[in-house]
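Engineer: My questions all concern the structure below.
The values are calculated or read from the model by the stated rules, or taken from the named source; none is laboratory data. None of these values were measured; they are calculated from a predicted model. No Cβ is skipped: glycine too gets one built from the backbone with ideal geometry, and neighbour counts run over all protein chains shown. These accessible areas exclude ligands, DNA and RNA; they are computed on the full protein's heavy atoms, side chains included. Shrake-Rupley method; radii C 1.70, N 1.55, O 1.52, S 1.80 Å.
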Amino acid sequence: MTAITVVGSINLDFVATGPRLPAPGETVTGATLARHPGGKGANQALAAQRLGADVAMIGRVGRDALAEEALALLIEADVDVGGVVADDALATGVALIAVDPTGENQIVVAAGANHAATPEQLPQRIETPLIVQLELPIDTVEAAVGRATGFVCANLAPAAPVSEGLLRRADLIVVNETEAAFYGELLHHGGGRVVITRGARGATLYHRGVEQAWATPPRVTAVDATGAGDCFVGAIAVALLEGMAPADALNFACAAGALAATRPGAQLSLPTRAEVETILEQNA
């Protein structure tokens, strides 16, 4: 079993599903509200665990009633949460998510305790493969990457300036089209692979700027795209670490992300390994 460490955010998501997404300044009524564990880091940790990895989570929550809900599915899935610290001063992070009937969403995040995660919270060496995102302070993300001794997957989301050292160190960079436009050619200056995701149009894998593989997801009925991108990140990391060829790894990750969009919520929607293998067989 592949061991993975995820250094990242942990939130509780408040999801309002309504008839459509609001325009700026507009109020849309008739929505229903649900609460789900979330945060890009926690989502990716749970995705990797459900897909067959042995995952340890490092992050920060508040010492409040929301923390138990935010960590519930990680604990249920046997993700190691020994590296999660409870902050005495700040609340657990919260994401406010609006979803329309097609699965499109709008998200506002109140980071809370996530923004108090510091390099001092990290081990001096991270000896398992590492996954990071950019919902923690950048200096903490940079420190985690600097202490990693092996494979590093950097999901550069949400887009923010990072050091050239991080870009060079990452063995795998995953971004969507908007994030890819933010970073431009800097993405391809390192020696690692770069994956650009394009939603229902699939994903492309590059090495040193040269396309190596592409894949499209199986056709599904999208309900809520929240967490689908994080599921893709966990899946592509697991697939490549298991030694899958780039095209096979992309197909695996696209299938996992598509399945995640068929159910509501970020973590509740994440598929198992058996579910991904079944849909791949059905679409072979």
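Engineer: Excluding ligands, DNA and RNA, what is the solvent-accessible area per residue of the chain at a probe of 1.4 Å, expressed in Å²? List each step's numbers first, then the result.
Structural biologist: On the way: 12140 Å² over 284 residues.
Solvent-accessible surface per residue comes out at 43 Å².
Engineer: Normalise the Debye intensity by I(0) for segment 54-127, one equal point scatterer per Cα, no solvent, then take log10 at q = 0.11, 0.13, 0.24, 0.25 Å⁻¹ and round to two decimals.
Structural biologist: Each listed q corresponds, in turn, to -0.35, -0.47, -1.11, -1.14.
Engineer: Checking the a/c ratio against 1.5 first, then a/b against b/c, what shape does the Cα gyration tensor give for segment 156-210?
Structural biologist: On the way: a/c = 2.05, a/b = 1.30, b/c = 1.58.
Oblate.
Engineer: At a 1.4 Å probe, what is the % contribution of carbon and sulfur to the accessible area of the chain? Walk me through the numbers on the way to the answer.
Structural biologist: Values: 6550 of 12140 Å².
Taking all protein chains in place, the chain shows 54 percent carbon and sulfur surface.
Engineer: Distances longer than 26 Å among the Cα atoms of segment 157-275: what percent of all pairs is that?
Structural biologist: Numbers: 1185 of 7021 pairs.
Result for the distance tail: 17 percent.
Engineer: Cα atoms only: what Rg and Dmax, in Å, come out for the chain?
Structural biologist: 17.6, 52
Engineer: Inverting the mean 1/r over all pairs of different Cα atoms, compute the Kirkwood radius of segment 118-197 and quote it in Å. List each step's numbers first, then the result.
Structural biologist: Numbers: mean 1/r = 0.0799 Å⁻¹.
With all distinct Cα pairs of segment 118-197 included, I get 12.5 Å.
Engineer: Right, here's the next one. Each label point is 7 Å from the Cα along the Cα-to-Cβ direction; what then is the distance between the points at E177 and I107, in nm?
Structural biologist: 1.8 nm
Engineer: Taking 25 Å as R0, compute the FRET efficiency from the Cβ-Cβ separation of A160 and L96 and round it to 0.05. Don't jump to the answer; show the numbers that get you there.
Structural biologist: Values: r = 20 Å, r/R0 = 0.80.
After rounding, the FRET efficiency stands at 0.80.
Engineer: Run the quick spin-label model on E277 and E242: label points 7 Å from Cα toward the beta carbon, then report their separation in nm to one decimal.
Structural biologist: The two pseudo-label positions are separated by 0.7 nm.
Engineer: Still on this structure, I have one more. With both bridge residues required to lie in segment 1-145, what share of the DSSP beta bridges run antiparallel, to the nearest 5%? Can you show the working numbers first?
Structural biologist: Values: 13 of 34 bridges.
Beta bridges within segment 1-145, antiparallel portion: roughly 40 percent.
Engineer: Can you compute the charge dipole magnitude of the chain about its Cα centre, using +1 on each Lys and Arg Cβ and -1 on each Asp and Glu Cβ, nothing else charged? Give it in debye, rounded to the nearest 20. Provide the component values of the computation, followed by the final result.
Structural biologist: Working: 17 positive and 31 negative charges, 88 e Å.
Here the chain has a charge dipole of around 420 debye.
Engineer: Work out, in µm²/s and without decimals, the Stokes-Einstein translational diffusion coefficient of segment 126-173 at 25 °C, 0.890 mPa s, Rh from Kirkwood over C-alpha pairs. Don't skip to the answer; put the middle values down first.
Structural biologist: Working: Rh = 10.4 Å.
The calculation lands on 235 µm²/s.
Engineer: Rounded to the nearest 5, what % of the DSSP beta bridges within the chain are antiparallel ones?
Structural biologist: Expressed as a percentage, antiparallel bridges in the chain total about 40.
Engineer: Where the convex hull is taken over the Cα atoms of segment 1-159, what is its projected area averaged over directions, in nm²? Write down the numbers at each step before the final one.
Structural biologist: Values: hull surface 40.1 nm².
Taking the Cα atoms of segment 1-159, their convex hull projects to 10.0 nm² on average.
Engineer: May I ask for the Kirkwood hydrodynamic radius of segment 91-155, worked out over all distinct Cα pairs and given in angstroms to one decimal?
Structural biologist: Computed over Cα pairs of segment 91-155, the Kirkwood hydrodynamic radius comes out at 13.5 Å.
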